[in-house]
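The structure appears below as structure tokens.
The values are calculated or read from the model by the stated rules, or taken from the named source; none is laboratory data. Because the structure is predicted, anything quoted here is derived from the model rather than measured. Cβ coordinates were reconstructed from backbone atoms using ideal geometry, including for glycine residues, and neighbour counts include every protein chain displayed.
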Amino acid sequence: MSLQLLVGTSKGLVILKGENNQWKIEAVQFEGLSVSTLYVDERNGTWWIGLSHRHWGEKLHRSTDKGRTWQQMTTPSFKDYFYRPGQPATLKKMWTLQHAGKDKPNCLWLGTEPGGLFFSDDNGQSWKLSEGLWNHPSRLDDKQWFGAGKDFPFIHSIVVDPRDSNHVYVGVSCAGIFETINGGKNWQAKNKGLVAAYLPNPNAELGHDPHKILLCSANPDVIWQQNHCGIFRTVDGGKNWDNISGQNGFPNYGFALTIDEQDPETAWVIPAQSDAMRIPVDLKLTVCKTVDGGKNWRSISEGLPDKFSFDLVLRHAFVKYEKTLAFGSNNGNLYLSDVQDEKWKRVANNLASVNCLATAV
Amino acid sequence: MAKIKFTSALKRFFPSLTEIEIEGNTVGQVLDNIEKIYPGISNYLVDDHGHLRRHLNIFVQGDLIKDRSTLNDHVNSSDELLIFQALSGG
């Protein structure tokens, strides 16, 4: 079985194919256009791509034939919605797509900037803003929802409980984690234990900056979170978050996170040096792995540059598919490793900045 | 009918796009009629609320339109409209 790696860059979609441990670029599509999000729907193999045109706005496309042809779909719209009273909301970016459950075959969630969660029940033909979250009273409070490096808060992570598709979590930068147990009608903040070191009250209920959240399919009460202020994990479905950042502060800050969906104790992060610098710690590109739920972390660096690296790995640019780990950096480097071998190999360089990755079979 | 000229950059997404003549007393009406000929093009020209996209310019008889929100600038039947992207790429 061959694996395809979809690399969403700031200048197009690069598709690599891997066979017998050899990887080569087999296509470049949407050349010159910035890819904002990529998603492969495991239920039906549909590929989704979000594009950020400099001049023409955000566009959404899908392919049902593994990228041979693409169909432009309806873009979610904030028509008739206001970000703040008197300030119309306008779609800035599509950050993430997620299928809404195996029992809802045509349903998808989509997270955007500014802070919108959209739902489609017709496989992306149309989108409706989830008003339950949009109308959450905290959203209008600029001390609770605000932009993090962006003008507006944005929804970058959506995870659906495989036991119950009405049970969904979203990650909002900045606001925090929200949970619904009724398919999006009502939402509750789930941020107990998180730290927002940049706020007067670091333990505030809202105003947190999760960079990425992932839920373990094998144990859906376990959710991992790379946050602006460390690495966190919950084992009780978000009731309490534990700070599992490394001892002596490493790993701590970063964006990229991937997990073992069959083993709730195992995850990988790619640390970065502080929000003010956003470069590898000590200019040494490394991946950190835990196999005990974050009690201990160790570096996996073989094959990665051990000095003078300025590669930053963004939140959606690190993926795992079965035994393959892959990440791409803002300097256009793409690295892969076998989960067991733990030896990184650079399979592409000189790409444009890598925004996001996805895998397809 | 007003004469409409498009930036060639739009031909990537609408390959059949060509200079056309179209009716409309305002810029908004002209864009509505362009949409009828090239379905989907409005989404490239205006945002969620129908406002002209930030990095796009429309000129009527060589003058930049003033109303980018409701697109109410008047258009005469003999006018020429240019739909260009702004120089935002350096």
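Numerical summary
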{"item": "Test: residue in the stretch A:73-94 that is under 26 Å from A:L215 (Cβ atoms), polar (S, T, N, Q), at pLDDT 95 or above and surrounded by 21 or more Cβ atoms within 10 Å (Cβ to Cβ)", "result": "no"}
{"item": "Filter pass, A:L206 being in contact with a helix residue (DSSP H, G or I) (Cβ under 8 Å, 6 or more places away or on another chain), part of a loop (DSSP other than H, G, I, E, B) and either surrounded by fewer than 21 Cβ atoms within 10 Å (Cβ to Cβ) or not hydroxyl-bearing (S, T, Y) (or both)", "result": "yes"}
{"item": "Enumerated strands (runs of 3 or more DSSP E) restricted to the stretch B:1-89, each holding at least 3 residues that are at negative phi and surrounded by 16 or more Cβ atoms within 10 Å (Cβ to Cβ)", "result": "B:2-6, B:56-60, B:80-85"}
{"item": "Residue match in the stretch A:94-105 (condition: of a type in the set (A, V, I, L, M), touching a residue at least 12 places away in the same chain (Cβ under 8 Å), farther than 17 Å from A:G184 by Cβ and in a strand (DSSP E or B))", "result": "yes"}
{"item": "Test for A:Q72: is it within 14 Å of another protein chain (Cβ to nearest Cβ) and touching a Leu at 6+ places or on another chain (Cβ under 8 Å)", "result": "yes"}
{"item": "Whichever residue in the stretch A:280-295 is assigned to a loop (DSSP other than H, G, I, E, B), out of contact with any Ser or Thr (no Cβ under 6 Å at 6 or more places or on another chain) and of a type outside the set (D, E) and, among such residues, is surrounded by the fewest Cβ atoms within 10 Å (Cβ to Cβ)", "result": "A:K295"}
{"item": "Index of the failed condition, A:P305 passing every other in (1) farther than 19 Å from A:N248 by Cβ; (2) within 21 Å of the chain's Cα centre (by Cα); (3) free of Cβ contacts under 8 Å to residues at least 24 places away in the same chain; (4) crowded, with 16+ Cβ neighbours inside 10 Å", "result": "(2)"}
{"item": "Exclusive hit being of a type in the set (S, T, N, Q) and within 14 Å of another protein chain (Cβ to nearest Cβ), set B:N76, B:N33, B:N43, B:N25", "result": "B:N43"}
{"item": "Scan of the stretch A:136-158 for residues that are among the aliphatic types (A, V, I, L, M) and either at pLDDT below 95 or out of contact with any Gly (no Cβ under 8 Å at 6 or more places or on another chain) (or both), ordered by number", "result": "A:L140, A:A148"}
